[in-house]
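Novice: Structure in structure tokens, see below.
Every number in this text was worked out from the coordinates using simple rules, so none of it is lab data. Everything quoted here is computed from the prediction, not taken from an experiment. Here the Cβ positions follow ideal geometry from the backbone for every residue, glycine too, while neighbour counts run over all protein chains shown.
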Amino acid sequence: MSDAQLMQRPRRWDAPFDPQMSESDVDALLARPEFTAINLARFPSAAPLRGIVRNDCRITTYAAGEIIVREGDYGNSAFLVLDGAVRVVLPPGLPQNVLGRATEKKRGLMDMLSDALARQPIAEMRDTALYRDAVARTNSRGEQRASLLNVPNPAALFGAGVDLSAVSGRVPPLLPAFKTAVLPPGSLFGEIAALGRVQRTATVYAEAECRVLEMRWQALRDIKNRDDLWRQRIEQGYRDNQLRTHLLEHPLLAGLDPKALQTVAARTLFETYGSFEWYVEYKSGSGEPPAEPAVAAEGDYPDGLLLVIGGFGRVSTGLGHGARTLTYLRNGDHFGLDELYEAWKGGEDCPYETSLSALGYLHVLRIPFSVLAELVFPRITPPPSRLSDAAARPIAQDAFLEWAVDKRYINGTQAMLIDLERCVRCDDCVRACSDTHGGNPRFIRQGEAMGKWLVANACMHCVDPVCMIGCPTGAIHRSREGGAVVINDLTCIGCGTCANACPYDNIRLVPIRERDGRQVLDPASREPILKATKCDLCSTLPAGPSCERACAHGALRRVDIQSLITQAEELGR
Amino acid sequence: MAILRASVLRNRLVLRIGREWAQLALFWAIGIAGWLLVALAAWRAERSLREGALVTGYALLAMMLALAMFNLKKRLVALPLSTARAWMMAHLVIGTLGFPLYLQHAGGLWPGGHYERALALCFYTVMLSGIAGYVLQRLLPRRLTHLEGEVIYERIPSEVFTLRERVEALVLKGVQDAGADTLGRYYLESLHWFFRRPRFFLSHLFGSARGARWIRGHVGALRRYLNETERAALDQIESLALRKNQLDAHYALQSVLKLWLFVHIPSAVLLIVLAFWHLLVVNIYSR
């Protein structure tokens with residue numbers, strides 16, 4: 001113990017978003033109309049508005065052409081335009097190849113060889129000097145930004161004959177094929193992606209030099225929760241900016257002319273069922289299945305089409321004295337189309353053939369029947385299959401589906417699925433993980449089993465990553481490339497919020513050691529300094545997850561859990 | 001829609017399985033082509049009055065090194081050297097083709113000369129342990145899957161220890177509650193032996209239910225001497241004993257899944273060392 005390395009226990013705001021943010025900057029921001037109306041008394045003394053702006057926000061200046069957010073990226077920040085000219089590219093957006101996406105740094109061949117040859121004798125060793133430098137490094141302004149002025153094929157964006165070298169101050173207009181809109185000072189964007197933990201739906205770029213306030217999602221969450229105007233503004237922003245995108249992306253509504261789409265958007269209702277904090281009840285371990293709020297009941301008459309935009313829903317039908325799960329719905333799915341279409345075609349009301357309930361929480365858009373009858377149904381062909389058709393399959397085939405839904409494994413996009421009839425229990429997967437993560441595996445080859453399938457205790461990189469809720473520093477985040485949920489070790493303070501939130505117990509807190517093997521301790525309490533660790537899908541390796549590649553028997557796979565259900569169908573044959 | 005999505009994924013699954021078979025077929029095609037080339041080269045060498053065995057010998061050594069590389073690959077998992085699954089397929093193909101090549105090289109099943117016989121013995125040990133390992137790996141995982149629960153091999157001793165502690169606590173409580181030492185005596189005479197370490201290794205290995213029968217037989221014989229309180233304790237003890245029996249089965253099957261490698265890998269290392277010495281001697285004396 002006496003030989004231990006001492007280190008102050010990390011706290012929120014140890015690493016401000018921007019250490020260069022001055023008090024006068026904060027004063028100027030708080031004097032803006034967006035902040036003056038906020039009631040400061042509603043903020044707790046531990047996290048006052050001034051502290052939030054001072055530590056969880058930063059002012060960034062973008063040069064003309066620089067991309068602020070890109071469609072498809074994951075991001076944990078929202079942006080408030082302070083001044084200058086900012087434009088958003090409306091759907092269908094820019095081609096991916098002109099966006100100049102930054103790539104995550106992958107380990108080179110020599111790095112990998114040296115790691116393999118010089119294995120760490122002690123697990124979880126860290127260079128604590130890096131933590132001391134973390135503040136400076138995480139806020140580095142030396143980051144490279146993609147710019148529309150540096151795309152490989154500018155003619156594809158601006159047309160032939162535009163000389164970008166002569167551009168000064170303002171980006172030339174894009175080709176008419178790319179629809180754009182101005183975001184004036186005071187506009188908030190990126191808030192849905194930051195709060196909803198979803199991909200950004202549009203690209204935003206600086207048309208001329210501009211300043212934007214980048215807000216960590218924790219800041220946005222705290223302000224939204226304590227100020228009604230901001231909450232209404234975010235909801236209105238969703239209706240104005242995102243709703244049309246959501247609607248347009250849906251296959252049923254694709255191709256609607258702008259006027260019709262405007263009508264649909266204006267009459268669409270937002271509805272949320274269940275609790276955003278579903279995992280608290282799920283983790284409580286009471287033994288009782290968590291409550292599933294009903295959204296639509298079999299036998300009721302539908303009044304609108306439900307489009308799922310977040311969360312999960314269980315589609316079920318009555319069977320005997322219970323309910324039989326037919327499928328589950330997630331972002332992009334819809335409910336009620338069969339009945340509504342039949343009612344429109346036949347001219348008589350048609351009741352729901354199945355029920356829909358929220359698994360945890362469910363965000364839906366409700367498009368009224370009258371809108372569908374007027375604008376949508378005349379343009380579409382009858383649905384090729386009905387949701388209720390699934391009831392025709394043998395009941396035995398439902399076991400996997402029921403299990404996956406009850407266990408909420410449907411949340412997983414990269415679940416570690418092990419075929420126990422192929423697995424020879426050699427633990428090569430565990431060793432491979434350990435070898436690529438400094439001597440400590442990031443998963444346990446144990447978990448819930450159903451038949452021959454085992455879902456191991458490895459991060460599933462969930463559709464709804466509840467582990468990201470509440471992280472005080474934003475250390476746990478979606479990687480910009482691929483969307484894997486990863487932890488930034490430099491900014492993790494080991495508070496355990498993510499580990500406690502994970503419904504599947506797939507995040508672990510580990511005590512760290514200095515490079516020379518000494519334990520790292522908090523000087524005050526003499527308790528070990530902890531860091532959260534979890535599967536990162538080997539995001540720094542060019543070949544992907546080493547666990548999967550190390551399995552010589554093809555028993556271990558990283559799968560979207562939907563394929564588990566598909567395989568269950570295969571088994572049922 | 002979810003149902004349509006499932007059908008797309010099903011198609012992907014079929015494609016994936018098809019890809020694995022295609023990969024295996026490709027390895028076989030390459031392997032057989034390589035073996036035919038070596039056989040042809042050896043035949044042409046013989047026709048030219050040179051030593052055809054040199055060609056097959058070098059080819060055999062190259063194959064052995066290629067097979068040994070599989071173990072090295074496992075240690076270099078971060079490097080993008082294809083998947084272990086592909087390496088395993090290649091390992092099986094090369095290992096299988098090694099046998100006809102060996103027959104061609106040695107001129108029969110059992111060579112003359114002490115050193116050559118030692119080499120042959122090593123070769124057969126590696127080959128047969130490999131075949132045994134392959135068969136065991138195909139059979140035993142299914143048996144393990146049908147057992148209750150999944151347990152990590154290294155944790156079996158601690159799980160057995162925990163069960164033993166629970167049983168001993170139940171026995172003590174049963175003796176105290178009933179005021180008779182029947183349960184305690186029974187534990188010391190029979191169950192203590194059972195809970196001390198994994199038992200019925202061979203029975204579990206060959207799929208016999210002897211362990212469960214032993215438990216039920218002993219428990220049934222004792223039951224007539226117990227009162228209601230003791231019987232309740234005995235029921236719990238029986239349930240823990242059956243759990244221990246499952247752990248024993250895990251232990252037996254998983255041990256065998258690991259033990260065959262303790263024959264395969266050392267004999268493979270010895271074979272490569274002996275083969276190198278053989279090569280050296282042949283080169284020295286062939287001049």
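Novice: How big is the Kirkwood radius of the range B:229-275, worked out from every pair of different alpha carbons and given in Å to one decimal?
Specialist: On the way: mean 1/r = 0.0732 Å⁻¹.
Every distinct Cα pair counted, the radius reaches 13.7 Å.
Novice: I need A:GLU448, A:GLU207 ordered by Cβ neighbour count within 10 Å, fewest first. Write down the numbers at each step before the final one.
Specialist: Details: A:GLU448 15, A:GLU207 23.
Neighbour counts put them in this order, fewest first: A:GLU448, A:GLU207.
Novice: Ok, one more. What's the extension gain from A:LEU117 to A:LEU319 if we count 0.36 nm per residue and subtract their Cα-Cα distance?
Specialist: On the way: separation 202, 0.36 × 202 = 72.72 nm, distance 5.94 nm.
Gain on extension, A:LEU117 to A:LEU319, equals 66.8 nm.
Novice: Which whole-percent values make up P(r) of the range B:153-258 when all C-alpha to C-alpha distances are grouped in 10 Å steps starting at zero?
Specialist: Each 10 Å bin holds this share of Cα pairs: 15, 47, 27, 9, 1.
Novice: Taking 7 Å along the Cα-to-C-beta vector as the label spot, tell me the A:ALA399-B:PHE206 distance in nanometres, rounded to one decimal.
Specialist: 3.1
Novice: Take the Cβ-Cβ distance between B:ALA66 and A:ILE444 as r, set R0 to 30 Å, and report the resulting FRET efficiency rounded to the nearest 0.05. Before the final figure, lay out the partial values.
Specialist: Values: r = 34 Å, r/R0 = 1.13.
Here the calculated transfer efficiency is 0.30.
Novice: What does the charge count around A:ALA373 come to, taking other residues whose C-beta lies under 14 Å from its C-beta (Lys +1, Arg +1, Asp -1, Glu -1)? Mind showing how you got there, number by number?
Specialist: On the way: positive: A:ARG267, A:LYS345, A:ARG379; negative: A:ASP303, A:GLU339, A:GLU342, A:GLU348, A:ASP349, A:GLU374.
Net local charge, A:ALA373 excluded: -3.
Novice: Antiparallel versus total DSSP beta bridges in chain A: what percent is that, nearest 5? Show your work: numbers first, answer last.
Specialist: Values: 77 of 81 bridges.
Given both bridge residues lie in chain A, the antiparallel proportion sits at roughly 95 percent.
Novice: Could you list B:LYS173, A:LYS345 so that the one with the fewest beta carbons within 10 Å of its beta carbon is first and the one with the most is last? Please report the intermediate quantities before stating the final value.
Specialist: Details: B:LYS173 14, A:LYS345 11.
Starting with the residue having the fewest Cβ neighbours, the order is A:LYS345, B:LYS173.
Novice: If we restrict to alpha carbons, what Rg and Dmax does chain B come to, in Å?
Specialist: In Å, with Rg to one decimal and Dmax whole: 27.9, 94.
Novice: Let's test the formula: R0 of 41 Å, r as the Cβ-Cβ distance of A:ASN39 and A:ASN150. What FRET efficiency results, to the nearest 0.05?
Specialist: Values: r = 45 Å, r/R0 = 1.09.
After rounding, the FRET efficiency stands at 0.40.
Novice: Rg and Dmax of the range A:412-519, using alpha carbons, in Å: what are they?
Specialist: In order Rg, Dmax, the Cα atoms of the range A:412-519 give 15.1, 46 Å.
Novice: Provide the gained length on full extension for the span A:ASP228 to A:GLU481, in nm with one decimal, where the gain is 0.36 nm per separating residue minus the Cα-Cα distance.
Specialist: Net length gain for the segment: 87.6 nm.
Novice: If a helix is a whole DSSP H run, which ones in chain B reach 15 Å or further along their own axis (Cα) and hold a mean Kyte-Doolittle hydropathy of at least 0.5?
Specialist: Working: long enough: B:2-47 (67 Å, 0.75); B:52-75 (36 Å, 1.08); B:84-106 (31 Å, 0.78); B:114-146 (47 Å, 0.37); B:156-178 (32 Å, 0.23); B:210-223 (19 Å, -0.51); B:228-285 (84 Å, 0.69).
Correct list, ordered by number: B:2-47, B:52-75, B:84-106, B:228-285.
Novice: What distance in nm lies between label points placed 7 Å from Cα along the C-beta direction at B:VAL269 and A:THR263?
Specialist: Each label point is offset 7 Å from its Cα along the Cβ direction, giving 7.9 nm.
Novice: Using the eigenvalues of the Cα gyration tensor, what equivalent ellipsoid semi-axes result for the range B:12-106 when each is taken as the square root of five times the eigenvalue, whole Å, largest first?
Specialist: Working: eigenvalues 184, 53, 16 Å².
Output for the range B:12-106: semi-axes of 30, 16, 9 Å.
Novice: Counting each pair of different Cα atoms once, what's the Kirkwood radius of the protein assembly as shown in Å, rounded to one decimal? Before the final figure, lay out the partial values.
Specialist: Values: mean 1/r = 0.0311 Å⁻¹.
In the protein assembly as shown this quantity evaluates to 32.1 Å.
Novice: Another question, then. Would any residue of the range A:505-525 have its amide N under 17 Å from a label point 7 Å out along Cα→Cβ of A:ASP3? List them or say none.
Specialist: A:512-521
Novice: Take B:ILE131, project a point 7 Å from its Cα along the Cβ direction, then tell me which residues of the range B:248-265 have their backbone nitrogen under 18 Å from it.
Specialist: Within reach of a label on B:ILE131: B:260-261, B:263-265.
Novice: Helix-only estimate, please: 222 nm mean residue ellipticity of the protein assembly as shown, summing -39500 (n - 2.57) across DSSP H runs of length 4 or more and dividing by its residues, to the nearest 500. Intermediate results must be reported in sequence, preceding the final value.
Specialist: On the way: 28 runs with 377 residues, N = 860.
Using -39500 (n - 2.57) per qualifying helix, the result is -14000 deg cm²/dmol.
Novice: So which aspartates and glutamates can A:LYS179 reach, going by Cα to Cα under 20 Å and dropping same-chain residues fewer than 8 places off?
Specialist: The qualifying aspartates and glutamates are A:GLU66, A:GLU71, A:ASP73, A:GLU207, A:ASP240, A:GLU249, A:ASP257.
Novice: Something else about it: Take the cross-link list A:LYS407/B:LYS74; A:LYS106/A:LYS452; A:LYS106/B:LYS74; A:LYS407/A:LYS534 and give me the ones stretching past 26 Å between alpha-carbons.
Specialist: On the way: A:LYS407/B:LYS74 34 Å; A:LYS106/A:LYS452 35 Å; A:LYS106/B:LYS74 21 Å; A:LYS407/A:LYS534 20 Å.
From the list (A:LYS407/B:LYS74; A:LYS106/A:LYS452; A:LYS106/B:LYS74; A:LYS407/A:LYS534), the Cα-Cα distance tops 26 Å for A:LYS407/B:LYS74; A:LYS106/A:LYS452.
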